[in-house]
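Take a look at the structure set out below.
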Amino acid sequence: MLSMFLCQKAYSQEAGIASYYADVFNGKKMANGEAYNPSLLICAHLTAPMGSIIRITRRDCPEQSVIDKVVDRGPYVKGRIVDLSKRAAEDLGILHMGIADVVI
């Protein structure tokens, strides 16, 4: 099992904007074929391999971060680098803001 992790390539991205899925996406099919569940720690990213586990950290509050699994593609809004599930946005402390400057 450990050898599987040793072979995976590290992924990093300097910074960008994170947003989260609107409630209208609840139950909609994601790129991995599953239905979106807002209570899971999942996210969408354009280039990170599906199934990757990534840490998203707020730039304005580095002690706040969340670890999510990439299960969808997106975001498709210029300047945004990750779309979070509602739970992930809540855990990251950005639910009330809607978007935040983050590092992956």
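At-a-glance table
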item: Flag if Asp83 is touching a residue at least 24 places away in the same chain (Cβ under 8 Å), outside any loop (DSSP other than H, G, I, E, B) and farther than 15 Å from Ile17 by Cβ; result: no
item: Residue match in segment 47-65 (condition: among the hydrophobic types (A, V, I, L, M, F, W, C), at pLDDT 95 or above and in contact with a Gly (Cβ under 6 Å, 6 or more places away or on another chain)); result: no
item: Test for Ala89: is it modelled with pLDDT under 95 and of a type outside the set (Asp, Glu); result: no
item: Of all residues making up segment 86-104, the number that are in a loop (DSSP other than H, G, I, E, B) and closer than 21 Å to Ser52 by Cα; result: 1
item: Leading residue by the ranking (nearest to Val77 (Cα to Cα)) among those in segment 1-23 that are open to solvent by 40 Å² or more (accessible area, probe 1.4 Å) and modelled with pLDDT of 95 or more; result: Ile17
item: Options Asp72, Asp91, Asp68; residue that is touching a strand residue (DSSP E or B) at 6+ places or on another chain (Cβ under 7 Å) and within 17 Å of Ala15 (Cβ to Cβ); result: Asp68
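The values are calculated or read from the model by the stated rules, or taken from the named source; none is laboratory data. These figures come from a predicted structure and were not determined experimentally. With ideal geometry, Cβ positions are generated from the backbone for all residues, glycine too; neighbour counts draw on all protein chains shown. Please note that ligands, DNA and RNA were not included when accessible areas were found on the heavy atoms of the full protein model with its side chains. Shrake-Rupley method; radii C 1.70, N 1.55, O 1.52, S 1.80 Å.
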